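Read-outs throughout are calculated quantities, based only on the coordinates presented, and are distinct from any laboratory measurement. All figures in this text were calculated on a predicted structure; none of them were measured in a lab. Positions of Cβ are backbone-derived with ideal geometry, glycine not excepted, and every protein chain shown enters the neighbour counts.
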Amino acid sequence: MQFAPVVKKSGDSGATDFGGDCVCSYEPWLVEASLYLREETLKRGYAAPKIQISACMVEYDSSIVVNYDGSIYKCPAFMSHDSLRIGTLQEGIKEYRASHNMDVWKKDECLDCAYLPICFGGCRQMTLLRTGAIGEVDCRKEFYDLSLEKIIKQDLQYRSRPKS
Ligand code: SF4
């Protein structure tokens, strides 16, 4: 079971005042809310996502989304952005490295970061919502600095419990 913050609808213009939608992975309330909800989930005996190697689905060659009209995208959140359509079922997939900034995390800051295996530059949709382009990483360092130890402690406390 996983709770996710409410974000702007795909295709909405970037936030100007952060409004009531979540537009970045380091909003202060996100740490508190996600830890609380994860703990309450585990406490009730439900499974919660484990910390594991993970990256944006854009990074995986085999991950695509096909729209009703046969157009192909790398992420469901991009389906209202014509510029992020990577092809069609009829024509196949075109080059998308530049449009999706595939090397966004290949920089010293990320390559030296202990969180790289669980982040790989974060969520491109968040960056797109915030800035209107996929020009930078959605850095989760602050989020993991504040939450990773607590997440591991939650797992030690709840996952190691004998099943009743
Ligand atoms: S947490 Fe920030 S610095 Fe670390 S890998 Fe992710 S985006 Fe890069």
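Cut-off is 10 Å between beta-carbons; in what order do Arg130, Arg159, Arg97, Arg140 appear when sorted fewest neighbours first? Display every interim value, and only then the final one.
Numbers: Arg130 16, Arg159 11, Arg97 8, Arg140 23.
Listed from fewest to most nearby Cβ atoms, that is Arg97, Arg159, Arg130, Arg140.
Enumerate lysine pairs in the chain that are 8 or more residues apart or on different chains, then count those whose Cα atoms are under 19 Å apart.
15
What order do you get for 146-152, 87-93 when each peptide is scored by the mean count of other beta carbon atoms within 10 Å, highest first?
On the way: 146-152: 14.7, 87-93: 11.9.
Final packing ranking: 146-152, 87-93.
Given the convex hull of the Cα atoms of region 13-143, what is a quarter of its surface area in nm²? Could the numbers behind the result be given before it?
Details: hull surface 39.1 nm².
If you wrap the Cα atoms of region 13-143 in a convex hull and average its projections, you get 9.8 nm².
Net charge within 12 Å of Arg85 by Cβ-Cβ distance, Lys/Arg positive one each and Asp/Glu negative one each, not counting Arg85 itself? Don't jump to the answer; show the numbers that get you there.
Details: positive: Lys74, Lys94; negative: Asp69, Asp82, Glu91.
In short, -1.
Take Met1, Met79 and order them by how many other Cβ atoms sit within 10 Å, fewest up front. Write out the running numbers ahead of the final one.
Values: Met1 12, Met79 18.
Least crowded to most crowded, the residues run Met1, Met79.
Quick check for me: using +1 on Lys/Arg Cβ and -1 on Asp/Glu Cβ, what's the dipole size of the chain about its Cα centre, in debye to the nearest 20? Show your work: numbers first, answer last.
On the way: 21 positive and 23 negative charges, 154 e Å.
It works out to roughly 740 debye.
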